[in-house]
Amino acid sequence: MRPGRWFAACALAAAMALVLPACGGGDDSGDDGGDQTPAPEVTGEIGGKLVISNWDAYLPEDLIPNFEKETGVDVELAVHTTNEDIMGKLQAQNGSGFDLVFVSGPFVQALQQQGWASALDHDLIPNAANLYPEAAELGYDVGNRYSMPYTWGTTGLCYRTDLVDGEQTDYAVFHDPPASLEKKMTMLSTDRWLLQPALLSLGYSINTTDPAEIEEATQWTIEAKENLLGFDDTTFYSKLVSGEASLVQAWDGWCNYGIAEDPNIEFTVPEQGSDVFTDAMVVMESSENKASAHAFIDYVLDEANGKAVAELVLYKVPNRPAMEALSPKLLKQYPNMAIPPAELLAQEPEEDLGTEGTQLWSEAVAKIKAA
């Protein structure tokens with residue numbers, strides 16, 4: 001992912017509020033409501049036109065041209081800026097208009113609950129065998145019945161080792177910082193990440209919908225706000241590079257963008273734990289070219305293409321041979337790319353909060369930003 005276009009603007013609350021009122025309450029288990037019917041067999045020839053929506057600069061430049069050359073499929077790539085952007089487009093067209101979309105984990109749940117996500121025919125995705133076993137354990141879609149993971153990562157502390165004393169492993173630094181870090185820190189402003197340091201410091205789930213816990217986390221964050229340079233989703237790693245900030249809350253891949261410019265920057269997962277987030281590929285139920293959509297997913301999960309994705313976006317991919325093929329030099333430069341799947345999946349996954357939970361979170365974030 002490239003700066004300024006992915007989780008930086010990914011306000012989960014907006015899209016969840018948009019699509020979930022039609023879906024009922026907030027089951028955050030990742031279950032599909034008990035529907036365990038076998039996936040339908042996908043028929044039809046590979047070919048024709050395939051319409052895909054993805055974030056900008058999130059696929060290697062030659063991946064689509066090579067896929068078209070090898071399969072004869074004509075691919076039209078649409079760009080969405082945020083998860084709520086593509087969800088809004090789908091809502092306006094009742095789930096149609098695209099054959100395949102890239103969305104983040106909780107949005108897979110929303111698509112499935114709306115009936116817009118097609119159950120996958122795994123027989124048409126043999127390269128799914130390249131995925132780590134842990135990739136089938138993601139709470140939003142256990143068994144990858146409706147999606148295949150594309151990238152995954154976590155959130156933590158990203159800081160300048162030459163400007164900060166000692167290793168930083170505690171989210172409490174935002175609430176009770178040393179004098180040297182006052183007004184030299186930023187926290188992420190997107191709803192699901194803004195409350196995360198507080199919730200984890202207080203021992204609560206990052207998916208809580210308990211009003212009392214959310215209120216306690218809100219007050220913690222309002223107090224921490226006094227110590228910050230600001231809330232920042234887009235320029236925090238640049239502030240580290242310039243020295244305007246010394247420590248920031250960051251997504252691991254975005255911390256890598258800073259490391260690329262200054263080797264004094266380091267990423268750590270806080271001792272309180274963190275999240276695990278995933279971007280995934282979903283075939284739309286409305287698609288009339290599901291065979292080609294499955295072929296595209298299979299192509300993405302090829303070892304060489306998975307390696308190219310990781311090298312482009314500097315995020316981990318759930319593709320075992322692709323990760324094993326990465327240069328040791330790259331992993332040494334960006335150590336968080338070498339976090340093993342078992343360690344990554346030990347963190348708590350982002351899950352759908354449901355309509356009422358989303359509203360509580362939105363109100364909390366508005367209160368924090370207005371304080």
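The values are calculated or read from the model by the stated rules, or taken from the named source; none is laboratory data. Since this is a predicted model, take the numbers as computed values, not measurements. Every residue, glycine as well, gets a Cβ built from its backbone with ideal geometry; the counts of neighbours run over all protein chains shown. Ligands, DNA and RNA are stripped out before the accessible areas are found, and what is left, the full protein with its side chains, is counted by its heavy atoms. Shrake-Rupley method; radii C 1.70, N 1.55, O 1.52, S 1.80 Å.
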Among the residues of the range 23-56, the number that are modelled with pLDDT of 90 or more and either open to solvent by less than 30 Å² (accessible area, probe 1.4 Å) or assigned to a loop (DSSP other than H, G, I, E, B) (or both) is 10
Being part of a helix (DSSP H, G or I), out of contact with any Pro (no Cβ under 8 Å at 6 or more places or on another chain), buried (at least 21 other Cβ atoms within 10 Å of the Cβ) and of a type in the set (A, V, I, L, M) is the filter here; which residues of the range 215-241 pass it? 217, 240
So which residues in the range 143-152 are part of a loop (DSSP other than H, G, I, E, B) and either buried (at least 22 other Cβ atoms within 10 Å of the Cβ) or among the β-branched types (Val, Ile, Thr) (or both)? 146, 147
Within the range 182-202, take every residue that is of a type outside the set (S, T, N, Q) and under 18 Å from residue 235 (Cβ atoms) and give me the one that is most open to solvent (accessible area, probe 1.4 Å). 183
Here is a check on your reading of the model: is residue 128 part of a helix (DSSP H, G or I), under 25 Å from residue 321 (Cα atoms) and among the small types (Gly, Ala, Ser)? yes
Give 88, 143, 105, 115 a once-over and let me know the one that is touching a residue at least 60 places away in the same chain (Cβ under 8 Å), of a type outside the set (Phe, Trp, Tyr) and at positive phi. 115
So which pairs qualify, if the first residue must be in the range 347-370 and in contact (Cβ under 8 Å) with a residue 60 or more places away in the chain and more than 30 Å from residue 268 (Cβ to Cβ), the second must be of a type outside the set (Gly, Ala, Ser) and part of a helix (DSSP H, G or I), the Cβ gap must be under 6 Å, and the two must be at least 6 apart or on different chains? 355/20; 355/21
All but one of (1) part of a loop (DSSP other than H, G, I, E, B); (2) closer than 18 Å to residue 306 by Cβ hold for residue 140; state the number of the condition that does not hold. (2)
Residue 334: in contact (Cβ under 8 Å) with a residue 24 or more places away in the chain, closer than 22 Å to residue 129 by Cα and either in contact with a Cys (Cβ under 8 Å, 6 or more places away or on another chain) or among the aromatic types (Phe, Trp, Tyr) (or both), yes or no? no
Within the range 98-121, track down each residue that is more than 17 Å from residue 139 (Cβ to Cβ), of a type in the set (Gly, Ala, Ser) and either within 19 Å of the chain's Cα centre (by Cα) or open to solvent by 10 Å² or more (accessible area, probe 1.4 Å) (or both). 115, 119
Residue check, residue 324 against (1) within 21 Å of residue 251 (Cα to Cα); (2) free of Cβ contacts under 8 Å to residues at least 60 places away in the same chain, all met but one. Which one? (1)
